[in-house]
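The values are calculated or read from the model by the stated rules, or taken from the named source; none is laboratory data. Because the structure is predicted, anything quoted here is derived from the model rather than measured. Cβ coordinates were reconstructed from backbone atoms using ideal geometry, including for glycine residues, and neighbour counts include every protein chain displayed.
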Amino acid sequence: MKTLVKDLMSYPLITIPVESKVSYARELMERKKINALAVVDISDTVEVVGIITSTDLRRVPDDSAVVKDHMNSMIEKVPKRQTAIAAAHRMINERVHHLVVVDEGKPIGMLSSIDFVRMLTKEKERFRSSVMFI
């Protein structure tokens, strides 16, 4: 059975308004124990317009700065039913650590490179528990 993106992703998608302060982004990431937020514009409809990561925030010394000035507006999206291996290849090819997961075009979650590390750790533990040492 193939592992799909929906089996690894973080759900639900944690978002932050585009006009939020960097201090709020830091606090939200810390509280949710995540390393990236989808940045949304909520003018007429809610639309993901960027992504901001903990790496981005480390480069911002001023907590009063606005998220939109430090986000990456190049958003890589992946369908929830895509295979994990295809998503991993996409992350490598695009040189990104986060993909916004979509279902019928609607953003629903986030897939990060750390999700693959967690998957490998779980598989190693399952293998270890199934091996009998003599």
Which ones in segment 30-59 are within 14 Å of residue 20 (Cα to Cα) and either out of contact with any strand residue (DSSP E or B) (no Cβ under 9 Å at 6 or more places or on another chain) or in a loop (DSSP other than H, G, I, E, B) (or both)?
42, 43, 57
Inspect segment 4-22 for any residue being over 17 Å from residue 96 (Cβ atoms), touching a strand residue (DSSP E or B) at 6+ places or on another chain (Cβ under 9 Å), assigned to a helix (DSSP H, G or I) and not charged (D, E, K, R) and give the result as yes or no.
yes
Return the pairs, sorted by first residue and then second, in which the second residue is not in a strand (DSSP E or B), the first residue lies in segment 19-37 and is among the basic types (Lys, Arg), the beta carbons are less than 6 Å apart, and the residues are 6+ apart or on different chains.
21/64; 26/57; 32/14
Over segment 38-71, the set of residues in contact with a Ser or Thr (Cβ under 8 Å, 6 or more places away or on another chain) and farther than 17 Å from residue 109 by Cα is 63, 64, 66, 67
Members of segment 49-74 found to be among the hydrophobic types (A, V, I, L, M, F, W, C), surrounded by fewer than 19 Cβ atoms within 10 Å (Cβ to Cβ) and modelled with pLDDT of 95 or more, listed by number:
49, 60, 65, 66
